[in-house]
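Enquirer: Here it is: the structure, laid out below.
The values are calculated or read from the model by the stated rules, or taken from the named source; none is laboratory data. As the structure is a computational prediction, the values presented were derived from the model and not from experiment. Every residue, glycine as well, gets a Cβ built from its backbone with ideal geometry; the counts of neighbours run over all protein chains shown. For the accessible areas, the whole protein counts, side chains as well, though only heavy atoms, and no ligand, DNA or RNA atoms are used. Shrake-Rupley method; radii C 1.70, N 1.55, O 1.52, S 1.80 Å.
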Amino acid sequence: MIRVLDIIEDTMVDGPGFRTSIYCAGCRHACPGCHNPQSWNFGGGREMQTEEMMRVIEADPFANVTFSGGDPMYQAEGFAELARQIHRRTNKDIWCYTGFTFEHLINPYQLELLEEIDVLVDGPFIQRLRNPDLLFRGSSNQRIIDVQASLYAGETILWQPDI
């Protein structure tokens, strides 16, 4: 189960190409200037089963998937299960936005989800570092990380867009 605020289909702002974005409830980062402060409430939205979300995800064969929020890492167990199903049943890539840093997520609670993520946009939004020209992130401290390459290499490897 995941507490979900909304699922937006065919968005192009949460990663490359068309995406199905799942916005979850709950975030303790409370970044000043956050573009989605209504997502901070852990009791917001509604609980959804993995299978219910998979029906939406599988309905569009061309859209990849993004987990956002709130912060999906606060619901790591539910998102890990959803990510496993996405990878088992589709060839979609998964992006995830979090206010935590990649290095902070290398722990028993969040590693299970991290191992299923293809690309992670990490770090809190910092208003004084805001840059509207950045690709897929809001402030210059945030990184776009190739998670699988990073886990394999044992160091943070930044994602490179296909050109």
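Enquirer: Can you tell me which residues in the stretch 52-92 are open to solvent by 10 Å² or more (accessible area, probe 1.4 Å), in contact (Cβ under 8 Å) with a residue 24 or more places away in the chain and among the charged types (D, E, K, R)?
Expert: Once the filter is applied, which keeps residues that are open to solvent by 10 Å² or more (accessible area, probe 1.4 Å), in contact (Cβ under 8 Å) with a residue 24 or more places away in the chain and among the charged types (D, E, K, R), the stretch 52-92 yields 58, 60, 77, 81, 84, 89, 92.
Enquirer: Looking at the stretch 93-106, which of the residues that are in a loop (DSSP other than H, G, I, E, B) and open to solvent by less than 40 Å² (accessible area, probe 1.4 Å) is farthest from residue 75 (Cα to Cα)?
Expert: Looking only at the stretch 93-106, we keep the residues that are in a loop (DSSP other than H, G, I, E, B), and these are 93, 98-102, 106.
Next, only the ones that are open to solvent by less than 40 Å² (accessible area, probe 1.4 Å) stay: 98-100, 102.
Working: 98: 11, 99: 13, 100: 13, 102: 16 Å.
For the stretch 93-106, the residue satisfying everything is 102.
Enquirer: For residue 101, all conditions in the list (1) within 15 Å of residue 114 (Cβ to Cβ); (2) of a type in the set (Val, Ile, Thr); (3) in contact with a helix residue (DSSP H, G or I) (Cβ under 8 Å, 6 or more places away or on another chain) hold save one; what is the number of the exception?
Expert: (3)
Enquirer: Quick check on my filter: what residues within the stretch 24-33 are in contact (Cβ under 8 Å) with a residue 40 or more places away in the chain and open to solvent by 40 Å² or more (accessible area, probe 1.4 Å)? Even if it seems obvious, please write down each step before you answer.
Expert: As a first pass, look at the stretch 24-33 and keep what is in contact (Cβ under 8 Å) with a residue 40 or more places away in the chain: 24-29, 31-33.
Matches in the stretch 24-33: 28, 29, 32, 33.
Enquirer: Another one. Just checking: which of the strands (runs of 3 or more DSSP E) contained wholly in the stretch 9-70 hold 1 or more residues that are of a type in the set (Val, Ile, Thr) and in contact with a strand residue (DSSP E or B) (Cβ under 9 Å, 6 or more places away or on another chain)?
Expert: 19-24, 64-68
Enquirer: Go through the stretch 135-163 and give me each residue that's aliphatic (A, V, I, L, M) and at pLDDT 95 or above. Talk me through it step by step, then tell me what you get.
Expert: Quick first cut of the stretch 135-163, residues aliphatic (A, V, I, L, M) only: 135, 144-145, 147, 149, 151, 153, 157-158, 163.
Passing the criteria: 144, 145, 147, 149, 151, 153, 157, 158.
Enquirer: How about the stretch 107-143: which of its residues are open to solvent by 70 Å² or more (accessible area, probe 1.4 Å) and more than 18 Å from residue 14 (Cα to Cα)?
Expert: 108, 109, 112, 115, 127, 128
Enquirer: Additional query: Right, residue 18: at pLDDT 95 or above, more than 16 Å from residue 78 (Cβ to Cβ) and hydrophobic (A, V, I, L, M, F, W, C) or not?
Expert: yes
Enquirer: Next question, about the same structure. In this structure, is residue 21 open to solvent by less than 10 Å² (accessible area, probe 1.4 Å) and in contact with a Leu (Cβ under 6 Å, 6 or more places away or on another chain)?
Expert: On the way: open to solvent by less than 10 Å² (accessible area, probe 1.4 Å): yes; in contact with a Leu (Cβ under 6 Å, 6 or more places away or on another chain): no.
No.
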